[in-house]
Amino acid sequence: MKIKTITKPYEEVMAIESPKHFKPYKTNIFWQTLTKLISQPALINSHFEGKKTGMEKLGKDEPALILMNHSGFTDFEIAYSMLYPRKFNTVASIETFMGLDWIMKPIGIFPTRKYIADLQLIRDIKYCLTKNKSSVLMFPEAVYTLDGTSVTLPETLAKFVKMLGVPLCTIITHGVYLHVPAYGYVENRDVPIKAELKYLLSPEQIKAMSLDEIKEVIDKEFSFDDFRWQQENNIEIDEDFRAAGLHKILYKCPHCKAESRMNSDGTHLFCEACGKKWELTEHGFLKATNGETEFDHVPDWYAWERECVRKEIIDGTYGFDVPCDIMVFMDWKALYKVGSGRLSHNPEEGFHLTGCDGKLDYRQSSRSMYTCEAIPYWYQIDDVIGLGNNKVLYYAFPTEQKEVVIKSKLAVEETFKLINEKKRAKIAEKVEKAE
């Protein structure tokens, strides 16, 4: 999906008034039916199969929190089809409202800003549950999976579930990622899509469980792997472009260890530094065309890159400073091109974005981010790193060393883990001394 962009001076964009808050609309049968009908062609074309497990436990008009994994736009079509005719509101990223607020509001969608502490979001969700008497659909991962496995979930999710005290349900899909992988955005692959809508926990169960127990249940549900699912179910993807874009997430060569030299074309992934080449087979395996196959599973390669980034952070060698083009989100009319600048990142200082002839100077600390928005070919524009706060969202598009987009996501997540590990170690040390 493309979005409208407008070029404006930075100072003019910063003077634009942010969208006013609105209370989530209460949905009705007209909009629910219309949305379901619109969703059908895409689901029919993808041979969609959905099943429901334990949903008889949820009352017809009983509001629930519904958590869904996020792999592509088809997720919305699945949700609006499977949940029909149940009334529900949906939480979506605020930038998805650009040019579409006229339709998003009546079908029950309301906005939030990703990865930012937002008390208003909690109030809006409670409003849906208590005033609208409707369920709430959330994508706790907040962004499409890059390697077909679960994205890092917020540590506060279990606490949030316990605080709401309503039934917890999940929708877990398989095939959406393979249908249109986030690394490629080329054409749709002919892949069957399946989903399960499950009643997971009752309010009584949630009340009796500890936060760790709730987290364990949610983590188990979100432990999916679409490539593994493809392999185990012998699903054949024979399109001749199935590997196109794969180098966006597999940016480091496991053979020569070079970064920013990976590329892909058709059904192959290759390193321009050492010449090593791999095929993405019709059944989702990686296979070296010569020599050893270092990783035959895409998520394993991605996990190895994560380990490499973690080692760089511990060794003190991680960091980057790259030129970038800058866009800004301020309202729902368009995304504003405000100029160019530089983006740097390191574990100690976090992100630092400067530019627009010295008018822009924005910092975001490592302690405030458990993950970040880092997406290949964002809205068909380019590879992006998103930053921001409750007033403004910045989008930096590196013009060099584009591998830093995915690498920064791994670095943010691993830095946050290391910070928390140090905190826990200090607490354990104090407890040990006190004893």
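The values are calculated or read from the model by the stated rules, or taken from the named source; none is laboratory data. None of these values were measured; they are calculated from a predicted model. Neighbour counts are summed over all protein chains in view; Cβ atoms, including those assigned to glycine, are modelled from backbone coordinates with ideal geometry. Accessible surface is based on the protein model in full, side chains and every heavy atom, while ligands, DNA and RNA are left aside. Shrake-Rupley method; radii C 1.70, N 1.55, O 1.52, S 1.80 Å.
Can you run phi through the Karplus equation (6.51, -1.76, 1.60; θ = phi - 60°) for region 30-38 and list ³J(HN,Hα) in whole Hz, with x for Gly and Pro?
Per-residue couplings from phi come out as 4, 5, 5, 5, 4, 5, 5, 5, 5 Hz.
Using θ = phi - 60° and the Karplus form 6.51 cos²θ - 1.76 cosθ + 1.60, what ³J(HN,Hα) does each residue of region 15-20 get, whole Hz, x for Gly and Pro?
Result, rounded to whole Hz: 8, 5, 6, 5, x, 6.
In the structure displayed, which of 36/248; 114/391; 87/198; 20/417; 194/402 lie more than 24 Å apart, Cα to Cα?
From the list (36/248; 114/391; 87/198; 20/417; 194/402), the Cα-Cα distance tops 24 Å for 36/248; 20/417; 194/402.
Please list, in chain and number order, the residues 5+ apart from residue 373 or on another chain whose amide H is under 5 Å from its amide H, with Hs placed from the backbone.
Residues meeting the amide H criterion: 386.
Can you give the net charge of the other residues whose Cβ lies under 14 Å from the Cβ of residue 343, counting K and R as +1 and D and E as -1?
Here the count lands on -4.
Which percent of Cα pairs goes in each bin when the distances of region 366-421 are cut into 5 angstrom slices starting at zero?
That works out to 4, 19, 26, 23, 16, 8, 2, 0, in percent per bin.
Strictly under 4.7 angstrom between C-beta atoms: which cysteines of the chain have no such partner?
128, 169, 308, 324, 356, 372, each lacking another Cys Cβ under 4.7 Å.
How big is region 277-392 in terms of Cα radius of gyration and Dmax, in angstroms?
Radius of gyration, then largest Cα-Cα span, for region 277-392: 18.2, 52 Å.
Rounded to the nearest 500, what is the chain's calculated 222 nm mean residue ellipticity when only DSSP H runs of at least 4 contribute -39500 (n - 2.57) each, over all residues?
-9000 deg cm²/dmol
With a 10 Å radius around each residue's Cβ, average the other Cβ atoms per peptide and rank 400-412, 155-167, highest first.
Top to bottom by mean Cβ count within 10 Å: 400-412, 155-167.
Can you work out ³J(HN,Hα) from phi for every residue in region 89-103, in order, using Karplus 6.51 cos²θ - 1.76 cosθ + 1.60 and θ = phi - 60°, giving whole Hz and x for Gly and Pro?
Ordered by residue, 3J(HN,Hα) equals 10, 10, 8, 9, 5, 4, 6, 5, 7, 4, x, 10, 4, 5, 9 Hz.
Ignoring any ligand, DNA or RNA, what whole percent of the accessible area of the chain comes from carbon and sulfur when the probe is 1.4 angstrom?
Carbon and sulfur: 51 percent of the exposed surface of the chain.
Any chance you could check the Cα centroid distance between region 214-267 and region 153-200 for me, in angstrom?
Region 214-267 and region 153-200 have Cα centres spaced 17 Å from each other.
Report the equivalent ellipsoid semi-axes for region 321-384 in whole Å, largest first, defined as the square roots of five times the eigenvalues of the gyration tensor built from alpha carbon atoms.
Over the Cα atoms of region 321-384, the ellipsoid semi-axes are 20, 16, 12 Å.
Only four residue types carry charge here, +1 at the Cβ of Lys and Arg and -1 at the Cβ of Asp and Glu. Report the dipole size of the chain about the Cα centre in Debye, rounded to the nearest 20. Don't jump to the answer; show the numbers that get you there.
Numbers: 57 positive and 63 negative charges, 403 e Å.
The dipole of the chain has a size of about 1940 debye.
Excluding ligands, DNA and RNA, what is the solvent-accessible area per residue of the chain at a probe of 1.4 Å, expressed in Å²? Let's see the in-between values first.
Details: 19940 Å² over 435 residues.
Per residue, the chain has an accessible area of 46 Å².
Find the percent of Cα-Cα distances in the chain that exceed 40 Å, and round it to a whole number. Please report the intermediate quantities before stating the final value.
Working: 17565 of 94395 pairs.
Tail of P(r) above 40 Å: 19 percent of Cα pairs.
Quick check: convex hull of the Cα atoms in region 90-224, volume per residue, rounded to a whole Å³? Walk me through the intermediate numbers first.
Working: hull volume 17.4 nm³, N = 135.
Per residue, the Cα convex hull of region 90-224 comes to 129 Å³.
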